[in-house]
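Chemist: Please see the structure below; I have some questions.
The values are calculated or read from the model by the stated rules, or taken from the named source; none is laboratory data. Since this is a predicted model, take the numbers as computed values, not measurements. Glycine gets a Cβ as well: all are built from the backbone with ideal geometry, and neighbour counts include every protein chain shown. All accessible areas refer to the heavy atoms of the entire protein, side chains included, with ligands and DNA or RNA removed. Shrake-Rupley method; radii C 1.70, N 1.55, O 1.52, S 1.80 Å.
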Amino acid sequence: MIRKKWIKLTWVLALVLLPVLLGWVYQVVTAYPDEITMATGPPGGQFRVLSQSLAKEIENKPNVKVNTIATDGSLKNLSLLQSGEADFGLYQTWTVEILSEFDAGPLPPYGTAARVEFVANVYSQPAHFIVRRDAGIASAADLAGKTINLGLRASGDYAMSLVLLNHFGLTEAAINAQYHDYTELKQGFLDATLDAPFITIGVNAPIFPDLFNAGITDILSIPYSEALASKHAPMYEYKIPAGRYRYRPPAAPASDIQTVAFGTQLLTRSDVPTGFVESLTELVLSEDFLKSARLGELFGDRRFAQENPEFPIHAGAQRVYHPELSPILNAEFVEATEGMRSFVFSILIALFFGVQW
């Protein structure tokens, strides 16, 4: 008799505690961290602008503080993610592989520390072959001996610059190589101490109005861009349309520019909460954010967001791209059915006590 009473009591406790347990699971799955850190990029670049926009949107969530770390670009962002010093960061595809190929270290401990995972592709970064008009550069054949900015050594700019130099049959020793950020690059054009930079950056970067409105720069096509793209799997051809940077006369560029591009990926760590990454992915892909951040390649087509990830896809992002794979753990599903679950379990408990009475 006593044993039956204990069994009944156990069932009652289980029924009472089950909603509490499910609520706790819900909180774990969908909880936002109190504080996150985002690695950004150098001033004047689109990494910095997009990261700051994203940080501002995240801070609109209750009780989430966002810290930002200014960096030199892709390589530094990846290093901060691997060391656990950053939770999110933008990265130019294939940067580490290119720098490894050209022995341009030191490189971060790629894959040996915190596991880095993919959230979304956000925009393309085309290579810009920009020249100062009075520098005497009409084509790549004129680059030898010129003062060329290759970008900060921890950036995707530098990685693409090494590819372009190799494509043009040049080395760093064949030019007067400089390694400036965008602010220094702009000043170099204004005071005529810089002949040309290779800039691999999104077309919405703030540096372009500064360069082209000054009326002292031109942009050249990359010769044999199709052949160049075919040599590097994640690279693709890209066209910068005439007038993209200045449509009032004189237009910049004056005609369509054929070049190559890498993608920009938003990365995180595997230990960042799944529910938060899911919410962040939805935020990045939301129409309002796409408009405010001018991420045109993501409008109306999520395929671009998930194409060719260089790293494993984080479980939170996976839920957004493939919600059918985990419908029960989907945050929206859990939230939508929370009230129903509580109602059902309340009825079960009432029925149990009713039968006992």
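Chemist: Please go through the range 124-157 and pick out each residue that is touching a Leu at 6+ places or on another chain (Cβ under 9 Å), open to solvent by less than 10 Å² (accessible area, probe 1.4 Å) and hydroxyl-bearing (Ser, Thr, Tyr).
Modeler: 155
Chemist: Here's another thing I want to ask about it. Exactly one of (1) within 24 Å of residue 261 (Cα to Cα); (2) at pLDDT below 60 is unmet by residue 339. Its number?
Modeler: (1)
Chemist: Counting only residues that are closer than 30 Å to residue 220 by Cβ and either touching a strand residue (DSSP E or B) at 6+ places or on another chain (Cβ under 6 Å) or free of Cβ contacts under 8 Å to residues at least 12 places away in the same chain (or both), how many does the range 259-293 have?
Modeler: Of the residues in the range 259-293, 7 are closer than 30 Å to residue 220 by Cβ and either touching a strand residue (DSSP E or B) at 6+ places or on another chain (Cβ under 6 Å) or free of Cβ contacts under 8 Å to residues at least 12 places away in the same chain (or both).
Chemist: Also: Quick one: which residue in 352, 345, 333 is modelled with pLDDT under 95, part of a helix (DSSP H, G or I), open to solvent by 60 Å² or more (accessible area, probe 1.4 Å) and over 30 Å from residue 223 (Cα atoms)?
Modeler: 333
Chemist: Out of curiosity, is residue 214 open to solvent by 40 Å² or more (accessible area, probe 1.4 Å) and either among the hydrophobic types (A, V, I, L, M, F, W, C) or in a helix (DSSP H, G or I) (or both)?
Modeler: So residue 214 fits the description; yes.
Chemist: Can you name every residue in the range 208-249 that is out of contact with any strand residue (DSSP E or B) (no Cβ under 7 Å at 6 or more places or on another chain) and either among the hydrophobic types (A, V, I, L, M, F, W, C) or under 25 Å from residue 166 (Cα atoms) (or both)?
Modeler: Within the range 208-249, 208, 214, 223, 224, 227, 230, 231, 232, 233, 242 qualify.
Chemist: Looking at 107, 54, 50, 90, which is the one that is more than 18 Å from the chain's Cα centre (by Cα) and either surrounded by 24 or more Cβ atoms within 10 Å (Cβ to Cβ) or not charged (D, E, K, R) (or both)?
Modeler: Just a single option satisfies the conditions, and that option is 107.
Chemist: Let me ask something else about it. Would you be able to tell me the number of residues in the range 235-258 that are out of contact with any Asp or Glu (no Cβ under 7 Å at 6 or more places or on another chain), part of a loop (DSSP other than H, G, I, E, B) and either open to solvent by 90 Å² or more (accessible area, probe 1.4 Å) or on the phi < 0 side of the Ramachandran plot (or both)?
Modeler: Going through the range 235-258 one residue at a time, the tally reaches 12.
Chemist: Can you work out which of the residues in the range 74-84 that are in contact with a Ser or Thr (Cβ under 7 Å, 6 or more places away or on another chain) and not aliphatic (A, V, I, L, M) is surrounded by the fewest Cβ atoms within 10 Å (Cβ to Cβ)?
Modeler: 77
Chemist: Looking at (1) in a loop (DSSP other than H, G, I, E, B); (2) within 29 Å of the chain's Cα centre (by Cα), which is the one condition that is false for residue 197?
Modeler: Only one criterion in (1) in a loop (DSSP other than H, G, I, E, B); (2) within 29 Å of the chain's Cα centre (by Cα) is unmet by residue 197, namely (1).
Chemist: Could I ask something else about it? Mind listing just one residue for me: the one in the range 158-175 that is at negative phi and outside any helix (DSSP H, G or I) and, of those, surrounded by the fewest Cβ atoms within 10 Å (Cβ to Cβ)?
Modeler: The extreme case among them is 171.
Chemist: Let me ask something additional. How many residues are over 19 Å from residue 121 (Cβ atoms), open to solvent by 40 Å² or more (accessible area, probe 1.4 Å) and not in a loop (DSSP other than H, G, I, E, B) if we restrict to the range 57-73?
Modeler: 4
Chemist: Further question: Taking residue 229, is it modelled with pLDDT of 95 or more and either touching a Lys or Arg at 6+ places or on another chain (Cβ under 7 Å) or assigned to a helix (DSSP H, G or I) (or both)?
Modeler: Spelling it out, residue 229 is indeed modelled with pLDDT of 95 or more and either touching a Lys or Arg at 6+ places or on another chain (Cβ under 7 Å) or assigned to a helix (DSSP H, G or I) (or both).
Chemist: Tally up the residues in the range 74-106 that are assigned to a loop (DSSP other than H, G, I, E, B) and touching a Leu at 6+ places or on another chain (Cβ under 6 Å), please.
Modeler: Of the residues in that region, 2 qualify.
Chemist: Moving on to the next point. What number of residues within the range 128-164 satisfy the criterion of being of a type in the set (Asp, Glu) and more than 19 Å from residue 91 (Cβ to Cβ)?
Modeler: The qualifying residues number 2.
Chemist: If a residue has to be touching a Ser or Thr at 6+ places or on another chain (Cβ under 8 Å), open to solvent by 50 Å² or more (accessible area, probe 1.4 Å) and in a loop (DSSP other than H, G, I, E, B) to count, how many in the range 286-311 make the cut?
Modeler: 1
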